[in-house]
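Single-structure report; data block below.
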Amino acid sequence: MTEQVDVLIIGSGPAGSTYARTIGDAVPTARILMVEVGPHIPGVRGAHTQNMSEEARVAAQLLTQGPETGVERAKALADIADGLDPSLEFRQTILPGLFFLDPRPKLAEDEVGLSAASMASGVGGMGIHWGTSSPRPHQSERIPFIPADELDAALDHAEQLLGVTKWDVPGTGLAEAIRREMADEFDGPGLTPVGFMPSAIQWKDGQAHFSGTGVILGDLEATVPGFELRAETLAKRVVVEDGVAVGAILEDRGTGDLREVRARHVVVCADGLRTPQVLFASGVRPAALGHHLNEHFQVGAFGYLNDAFDPERHDSDPERLGYVLVPFSDARPMQGGIIAMMNSPYSLGIDDEALASRLVAFAWYGAKDIQFRDRVEFSETETDFYGMPKMTVHYSHTDQDLRTIQRLKENARRSADRIGALAEEPELAAGGSSLHYQGTVRMGAADDGASVCDQYLKVWGVDNLYVGGNGVIPTSTAANPTLTTVALAWRAATRIAARLLDRT
Ligand SMILES: Cc1cc2nc3c(=O)[nH]c(=O)nc-3n(C[C@H](O)[C@H](O)[C@H](O)COP(=O)(O)OP(=O)(O)OC[C@H]3O[C@@H](n4cnc5c(N)ncnc54)[C@H](O)[C@@H]3O)c2cc1C
């Protein structure tokens, strides 16, 4: 017998989980099937790897690396991609838990590629590895065709779902001392004021608890008996009949068996690169599919605090994050993060305490000059590790991009000069390093060929088919995208829930 569900969700990351939770809360009788191509991770479902013991974290990371499963990336550079040269410029951006799209792309003359573009395959998606920085979008980062109050309400919900903690200005201790310097350097008329980075972290008993994707799902298995998360299950394609999505063909990765599941609504949240891949494989190919690909430029450098910012001289609250945020503004289309490692709950594994206490990371993201021609292309004939259409990225820099990159480096230097000194020159990270791939299934105000879905993330021209994830973001942004992605998925999911309730 063919399996029948109300909602089929493809992908178990933050976007898919937001759909599941929102629909489940509104319609507890709904039958919701969430499929995930990667495996279950031992322990609590969707737990953040930073909350685990070192041993459990390493084991979890090794499980979500798709074709590179089981290979310690940082230690075995040459093994993670055939012939990979350990001196490659993106060496430092190789993160455990992920795998490459294509670390050695063949580039056309005017292309720069995204050699560091990476993905994760496992229950929780990248949302069990993420850094939890959750800034709101500002000014032109916001989506102009969503009414401002609706977008703000959606962002409020997203903050609740992710368990985001925010810090008021003025703060205290070292973090506040750094914020004051940055405000003096970077605040000005029309610019979004310098503050602290909101983070999806809660402090309990002096311990930082990072929100993994499980925080979004809550206890859905208990409250919605019809919810099921099925791992190691690949959605090969969505089945579309007469312009209506009616289900999908699923492959059991263990046995290779194929089966069809019928669904009243199908939601594809398979990340910024693989969501358009699933649509392509399904024959759903709007003109904008895979196009307008954009990710933030990332310029980073390490430096040291000078004596005035010696942590010993400041009363630092252990529950403060030393993460000062210079937010995006139209007049300065970039975001700066000034991270005093001393106050960061992330463990860098530096043994020398004196060194670690003065270490600062300067992380600047710049907004891309979005171009239609920047795209992920899918092959009709060749396949990837999972047997899905092979992806090739075409990506280039415009003159405006080169100016943005130059300005990012200048601002990294300016931020360092206020509080200490750089230990190295600020460098542009290899394309793809941000892990924020946007625009590939972008939302639009009208079905005019420039977008893939409407403002409620329904794919143009196909009923009952929705998308989610960073790929839906249509604007040029520097803010980390997950909060916005969760907000947009929440908004879309409330629509689906209302339609289910109409018919129940
Ligand atoms: C180390 C790290 C740090 C980060 N830091 C931040 C940060 O500080 N702030 C921020 O905003 N963002 C950050 N991110 C990015 C953030 O994790 C992503 O924005 C977020 O996870 C995107 O959610 P998603 O649900 O769209 O995609 P994902 O989390 O990637 O989940 C998609 C899931 O779909 C599955 N899938 C794909 N294809 C199929 C298929 N055909 N069938 C079934 N399943 C499929 C994948 O296996 C994957 O599990 C970071 C990411 C990493 C790895």
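The values are calculated or read from the model by the stated rules, or taken from the named source; none is laboratory data. These numbers come from a predicted model, not from an experiment. Because the Cβ atoms are built from the backbone with ideal geometry, glycine has one as well, and the counts that use them run over all protein chains shown. Only protein heavy atoms, including side chains, enter the accessible area calculation; ligands, DNA and RNA are left aside. Shrake-Rupley method; radii C 1.70, N 1.55, O 1.52, S 1.80 Å.
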All but one of (1) in a loop (DSSP other than H, G, I, E, B); (2) within 14 Å of the ligand (Cβ to nearest atom); (3) of a type in the set (Val, Ile, Thr) hold for residue 44, so report the exception by its number. (2)
Checked segment 115-145 for anything open to solvent by 20 Å² or more (accessible area, probe 1.4 Å), within 8 Å of the ligand (Cβ to nearest atom) and either charged (D, E, K, R) or closer than 16 Å to residue 94 by Cβ (or both); matches are 126, 129, 131
Hey, could you check segment 262-275 for residues that are over 30 Å from residue 502 (Cβ atoms) and not basic (Lys, Arg) and say which is surrounded by the fewest Cβ atoms within 10 Å (Cβ to Cβ)? 273
Matching option when the condition is in a loop (DSSP other than H, G, I, E, B), in contact with a Ser or Thr (Cβ under 8 Å, 6 or more places away or on another chain), of a type outside the set (A, V, I, L, M, F, W, C) and at pLDDT 95 or above, among 24, 38: 38
Hey, does segment 155-164 have a residue that's modelled with pLDDT under 95 and either surrounded by 17 or more Cβ atoms within 10 Å (Cβ to Cβ) or assigned to a helix (DSSP H, G or I) (or both)? no
Need pairs with beta-carbon distance below 9 Å; first residue within 16 Å of the ligand (Cβ to nearest atom) and within segment 95-114, second hydrophobic (A, V, I, L, M, F, W, C) and open to solvent by 70 Å² or more (accessible area, probe 1.4 Å); sequence gap 6+ or separate chains. 95/74; 96/74; 99/385
Members of segment 185-215 that are aromatic (Phe, Trp, Tyr) and part of a helix (DSSP H, G or I): 186
Checking residue 285 against (1) open to solvent by 40 Å² or more (accessible area, probe 1.4 Å); (2) modelled with pLDDT under 95, which test does it fail? (2)
Please find, among 363, 340, the residue that is closer than 22 Å to residue 400 by Cα and modelled with pLDDT under 95. 363
Checking residue 480 against (1) crowded, with 16+ Cβ neighbours inside 10 Å; (2) within 19 Å of residue 144 (Cβ to Cβ); (3) in contact (Cβ under 8 Å) with a residue 12 or more places away in the chain, which single condition isn't satisfied? (2)
Taking the criterion of being more than 21 Å from the chain's Cα centre (by Cα) and at pLDDT 95 or above, would at least one residue in segment 428-446 satisfy it? yes
Please give the number of the condition residue 451 fails out of (1) out of contact with any Pro (no Cβ under 9 Å at 6 or more places or on another chain); (2) closer than 24 Å to residue 286 by Cβ; (3) open to solvent by less than 40 Å² (accessible area, probe 1.4 Å). (1)
Hits in segment 189-247 (condition: more than 22 Å from the chain's Cα centre (by Cα), open to solvent by less than 10 Å² (accessible area, probe 1.4 Å) and within 14 Å of the ligand (Cβ to nearest atom)): 238, 247
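Here's the yes/no breakdown for (1) in contact with a helix residue (DSSP H, G or I) (Cβ under 6 Å, 6 or more places away or on another chain); (2) surrounded by fewer than 24 Cβ atoms within 10 Å (Cβ to Cβ):
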position	(1), (2)
16	no, no
25	no, yes
32	yes, no
36	no, no
40	no, yes
Odd one out for residue 174, checked against (1) away from the ligand (no atom under 16 Å from the Cβ); (2) among the hydrophobic types (A, V, I, L, M, F, W, C); (3) open to solvent by 20 Å² or more (accessible area, probe 1.4 Å): (3)
In this structure, does residue 171 turn out to be part of a helix (DSSP H, G or I), out of contact with any His (no Cβ under 6 Å at 6 or more places or on another chain), in contact (Cβ under 8 Å) with a residue 12 or more places away in the chain and not β-branched (Val, Ile, Thr)? no
Residue in segment 424-444 that is nearest to the ligand (Cβ to nearest atom), counting only those that are under 13 Å from residue 362 (Cα atoms) and open to solvent by 10 Å² or more (accessible area, probe 1.4 Å): 429
